[in-house]
Amino acid sequence: MHKRFFENLRKVFYIPVSYPLTADLEFSGLIIEAMARESIDTVTPAFYESTLKGKYSRDEMSIKMFEILRQTTHYDIGYICNVGNTSSVPRELIYNGGNAVSYYESKRSVMEKAVEELRAQFEE
């Protein structure tokens, strides 16, 4: 049986208020994004190898489970950015026993408008 779990954590970087007002905020965002992207190829594998597989694995089965978790992890930009209040959908469906189709249909126009607004921001 396959089960899917949702994690309700968001990773956010902030630029301190003490950052000079004359500084290039767009460039700072670009550097943060580049560092995040590079960490996928450097920090993440090192963390899995040294910490999860090395320090916290008790046996071969644990190592295999960490690999499954790593290989099946995905990120949903709509969920992360809470487009159309989508981050609450899994929780609302689970706790309210709702029907996913009817829930989506009732929120569809709001979600579609939010997706369009997010898309427009990326095009700027």
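The values are calculated or read from the model by the stated rules, or taken from the named source; none is laboratory data. These figures come from a predicted structure and were not determined experimentally. Note that each Cβ is placed from the backbone with ideal geometry, even for glycine, and that neighbours are counted across all protein chains shown.
Give the residue that is modelled with the highest pLDDT, with candidates limited to residues of segment 66-79 that are surrounded by 13 or more Cβ atoms within 10 Å (Cβ to Cβ) and of a type outside the set (D, E, K, R).
F66
Kindly indicate whether any position in segment 1-20 is at pLDDT 80 or above and either among the charged types (D, E, K, R) or under 19 Å from the mean Cα position of the chain (by Cα) (or both).
First pass over segment 1-20, keeping only residues at pLDDT 80 or above: none.
The answer is no; no qualifying residue exists.
Hey, can you tell me all the residues within segment 42-62 that are surrounded by 10 or more Cβ atoms within 10 Å (Cβ to Cβ) and basic (K, R)?
K53
For segment 48-71, state whether one or more residues are in contact (Cβ under 8 Å) with a residue 24 or more places away in the chain, aliphatic (A, V, I, L, M) and out of contact with any Cys (no Cβ under 7 Å at 6 or more places or on another chain).
Checked against the condition, which is being in contact (Cβ under 8 Å) with a residue 24 or more places away in the chain, aliphatic (A, V, I, L, M) and out of contact with any Cys (no Cβ under 7 Å at 6 or more places or on another chain), segment 48-71 yields no hits at all.
Please indicate, with yes or no, whether at least one residue in segment 96-106 is among the charged types (D, E, K, R), at negative phi and surrounded by 12 or more Cβ atoms within 10 Å (Cβ to Cβ). Walk me through how you get there before you give the answer.
First, pick out the residues of segment 96-106 that are among the charged types (D, E, K, R): 105.
From the residues that got through so far, the ones that are at negative phi too are 105.
Going one step further and asking which of them are surrounded by 12 or more Cβ atoms within 10 Å (Cβ to Cβ), we end up with none.
No; the residues of segment 96-106 include none that is among the charged types (D, E, K, R), at negative phi and surrounded by 12 or more Cβ atoms within 10 Å (Cβ to Cβ).
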